[in-house]
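Following: one structure in structure tokens, then a few remarks.
The values are calculated or read from the model by the stated rules, or taken from the named source; none is laboratory data. Every value quoted in this text rests on a predicted model; they were computed, and no experiment measured them. Reconstructed Cβ throughout: ideal geometry from the backbone, glycine too, with neighbour counts over all protein chains shown. We work out accessible area using only protein heavy atoms, side chains counted, and drop any ligands, DNA or RNA first. Shrake-Rupley method; radii C 1.70, N 1.55, O 1.52, S 1.80 Å.
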Amino acid sequence: MKKINVMDRVYAANEEWAEANRNLLKENGSVMLNLIGSPGAGKTALIEQTIPRVSDFRSPAVIEGDLATSRDADRVRKTGAPAYQINTGSGCHLNARLVNTALLDLYKKGGHDLIFVENVGNLVCPAEFDIGEHAKIAVLSVAEGDDKIEKYPLLFARASALVVTKIDLLAHTDFRTEKVKRDYERLNKRGRTFIVDNLRGDGFDGWIEFLKRL
Ligand code: MG
Ligand code: ZN
């Protein structure tokens, strides 16, 4: 019983920071997307390919969440977009307070109206912690298998879009794209599915159109 109360307090405190983030984003006219997927799903490569394709209509910035290292932020900065690296130590998800610090730092350096947050690689608790984002985006690679929608329904039910990555590996796996699309759309009637080769940058038109309309 006691443990449940502690978690209730954690969620309540997080919700206050999430609300502060929503206000901050609104003041700055920004849209923030929370990218959630397993380690190795291709989240960073998706961001690297997306930045140059949105830069003519948006001013993007990136918040990177990892337990350790600044490798992903370093990669993203090579696209020319600013990136703020959060290291969570042992933390397996980003919370709204950590994201608040990152947002304030990014806004100090300039105006940004499209913020990508790459959450810690994990299909479980990042889905439970509201960071004040406009939408959650689930990222699932072909290499992970096509049963993940059924196994981790919370994330996929809450994600406004699903990006299936590493489609170039399809011939080497038994991944069924149609099944994944069907499973996702069953959980999330309004969810949009995009299928991309995130390394080479093929198949990005639908995803970029989706971002344009946010
Ligand atoms: Mg990454
Ligand atoms: Zn966690």
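When DSSP beta bridges are restricted to pairs lying wholly in the chain, around 5% turn out antiparallel.
Here the Karplus relation 6.51 cos²θ - 1.76 cosθ + 1.60, evaluated at θ = phi - 60°, turns the backbone of region 121-129 into coupling constants of x, 4, 9, 9, 6, x, 6, 8, 9 Hz, with x for every Gly and Pro.
Percent of C-alpha pairs per 10 Å bin in region 44-169, short distances first: 12, 43, 37, 8, 0.
The three principal axes of the C-alpha atoms in region 78-135 carry coordinate ranges of 32, 23, 20 Å, sorted with the longest axis first.
Counting only residues at least eight positions apart within a chain, or on another chain, the lysines with an alpha carbon under 17 Å from that of K108 are K26. The mean of 1/r over all distinct Cα pairs in the chain, once inverted, gives the Kirkwood hydrodynamic radius of 17.4 Å. For region 27-168, with all protein chains in place and a probe radius of 1.4 Å, 49% of the accessible heavy-atom surface sits on carbon or sulfur. Put the Cα centre of region 138-168 next to the Cα centre of region 1-53 and the gap is 18 Å. What does the C-alpha gyration tensor say about the overall shape of region 152-214? Classify as rounded when a/c is under 1.5, otherwise prolate if a/b is larger than b/c, or oblate. Verdict is oblate for region 152-214.
Cross-link pairs exceeding 28 Å between alpha carbons, from the set K109/K148; K136/K212; K109/K136; K78/K179; K43/K151: K109/K148; K78/K179. Please state the shape class of region 1-93: rounded when a/c is under 1.5, otherwise prolate if a/b exceeds b/c and oblate if not, all from the C-alpha gyration tensor. The shape class here is oblate.
Among all stretches of the chain without exposed trypsin sites (Lys or Arg not before Pro) (DSSP loop, at most 15 other Cβ atoms within 10 Å), which one is longest? Longest stretch, sites excluded: 1-77.
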